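Heads up, the thing below is written out as C-alpha cells.
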Amino acid sequence: EIARLKSSGDPLRPEISLVADDVLDPLDRDLIVARLSDWLRHCIELVFAPLLALESAPIKGAARGLAFQLKEGLGSLKRGDAADQIDALSRDDRRQLRALGVRIGRDMAFLPALLKPDAVRWRALSWALHANRTHVPDLPPAGRVSVPATKNFERDFLEACGYRILGPLAVRIDMAERLTSKAWLLSKGGAFKATVELTSMIGAGNAELPGVLAALGFKRIQKTSEDGTPEDRYRPIRRTRQKAAPERRKKRAARLISR
C-alpha cells in the first residue's frame, strides 16, 4: 500500500494521500503523488466521461441546472427532485441533453452509460469517499438488475450506484424505467395481469411484483377470470397531485440554474 484516496469535497475529484515514512525524500514524495494523481485523473476521465462531458457542455438555463444535479447524483436522480428543471426544458434543451447521453424517463433522469459494471464500481467508491466511509459497502453482483431491499441495505448508497428502491427490491433504474413504461402501456387497456415479461424485466418473481408495482403507483385488485377463478390484476392508483407554490418553484429553479 503506497497511497490512499481522500475526499476533496467534489465526488468526481478525490485526492491522493501518500502512505510513506520520513525516509522518503520530499522530491520523490512529490513525484509519486504527481504520478498517482495523473493515474487517478485518467481513470476518472475514462469512467465518468459522459458525466464530465455534460459538466463542460455549452448548455444553459434549466439544462445546466439538471446537469448540476446529475453530477451530484453521480449520474442519476429522481425526476421529482428535478421537476423544476425538467419542466423548464425547451425542445432544444432536450435535444442537447439527449445528444449528451441523458435519458429523461417517467420517474428518473439518468445517464445509461454510467450503469455499466465498471462505472457502478467507481460510483460506489466515489460515494464512500464523499460520505467519509472507511470502506465501500457491498455492491449487487454484476449483471443483477435487482436485489432484495433488506433492513440492512443502505438506500443512499444503492441510489448513488444507479438503483431505485421499489418496495421489496432495489431495481437498476434502466430496468425500473422499462417496467414503469410497460405497466403504464398495459394499463391503457384497463386493469392488467402480471406477465412473465414484467417479472423478467426486474429479475423478480410473482411474490415481489405486487410490492414493486405498488411503489410505482399501481394498485392490486382481484378480478374473476372467464373460467370463474379469481386472479390478480393491477391498475393505476388515482392520486391528487399537489403543486408547489409558483413562487417557491421559481426561486428553487433559479437557484439551481444559477449554479
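Picking from residues in the range 201-216 that are assigned to a loop (DSSP other than H, G, I, E, B) and surrounded by fewer than 18 Cβ atoms within 10 Å (Cβ to Cβ), the one that is nearest to the chain's Cα centre (by Cα) is Gly203. When Leu46, Leu40, Leu36 are checked against the criterion of being surrounded by 11 or more Cβ atoms within 10 Å (Cβ to Cβ), assigned to a helix (DSSP H, G or I) and without any contact (Cβ under 8 Å) to a residue 12 or more places away in the chain, Leu46 stands alone in meeting it. Counting just the residues of the range 169-200 that are charged (D, E, K, R) and outside any helix (DSSP H, G or I), which one comes out surrounded by the most Cβ atoms within 10 Å (Cβ to Cβ)? This residue is Arg172.
To keep it simple, each residue is scored yes or no on (1) under 20 Å from the mean Cα position of the chain (by Cα); (2) at negative phi; (3) aromatic (Phe, Trp, Tyr).
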residue: Leu18; (1), (2), (3): no, yes, no
residue: Val23; (1), (2), (3): no, yes, no
residue: His42; (1), (2), (3): no, yes, no
residue: Ala49; (1), (2), (3): yes, yes, no
residue: Glu72; (1), (2), (3): yes, yes, no
residue: Gln85; (1), (2), (3): yes, yes, no
residue: Arg98; (1), (2), (3): yes, yes, no
residue: Gly101; (1), (2), (3): yes, no, no
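When the range 105-158 is filtered for residues that are of a type in the set (S, T, N, Q), within 28 Å of Ile16 (Cβ to Cβ) and either open to solvent by 60 Å² or more (accessible area, probe 1.4 Å) or assigned to a strand (DSSP E or B) (or both), the ones remaining, listed by number, are Asn132, Thr134.
Pairs are defined by a Cβ separation below 8 Å, a sequence spacing of at least 6 or placement on different chains, a first member in the range 167-194 that is over 12 Å from Ser146 (Cβ atoms) and of a type in the set (Phe, Trp, Tyr), and a second member that is at pLDDT 90 or above and surrounded by fewer than 19 Cβ atoms within 10 Å (Cβ to Cβ); the pairs so defined are Trp184/Pro236; Phe192/Arg235.
Pairing each residue of the range 86-106 that is over 12 Å from Leu66 (Cα atoms) with any residue that is buried (at least 19 other Cβ atoms within 10 Å of the Cβ) and among the polar types (S, T, N, Q), provided the two are 6+ apart or on different chains, yields C-beta distances under 7 Å for Arg106/Thr180. Here Ser146 does not fit the description of being at pLDDT 90 or above, hydroxyl-bearing (Ser, Thr, Tyr), within 28 Å of Gly9 (Cα to Cα) and within 17 Å of the chain's Cα centre (by Cα).
One residue is enough: does the range 136-154 have a residue meeting the conditions among the small types (Gly, Ala, Ser), under 22 Å from Leu46 (Cα atoms) and in contact with a helix residue (DSSP H, G or I) (Cβ under 6 Å, 6 or more places away or on another chain)? Yes, the conditions are met somewhere in the range 136-154. For the range 10-24, the count of residues that are assigned to a helix (DSSP H, G or I), out of contact with any Asp or Glu (no Cβ under 6 Å at 6 or more places or on another chain) and modelled with pLDDT of 90 or more is zero. Does Glu55 satisfy the condition of being in a helix (DSSP H, G or I), at pLDDT below 90 and out of contact with any His (no Cβ under 8 Å at 6 or more places or on another chain)? Judged against the criteria, Glu55 is a match. Might you let me know whether the range 76-90 holds any residue that is of a type in the set (A, V, I, L, M) and in contact with an Asp or Glu (Cβ under 9 Å, 6 or more places away or on another chain)? Looking through the range 76-90, at least one residue is of a type in the set (A, V, I, L, M) and in contact with an Asp or Glu (Cβ under 9 Å, 6 or more places away or on another chain).
Return only the number of the condition from (1) in contact with a Ser or Thr (Cβ under 7 Å, 6 or more places away or on another chain); (2) open to solvent by less than 50 Å² (accessible area, probe 1.4 Å) that Ala57 does not satisfy. It is condition (1) that Ala57 fails.
The values are calculated or read from the model by the stated rules, or taken from the named source; none is laboratory data. Since this is a predicted model, take the numbers as computed values, not measurements. Please note: Cβ atoms are built from the backbone with ideal geometry, for glycine as well, and neighbour counts cover all protein chains shown. Heavy atoms of the whole protein, side chains included, go into the accessibility calculation; ligands, DNA and RNA do not. Shrake-Rupley method; radii C 1.70, N 1.55, O 1.52, S 1.80 Å.
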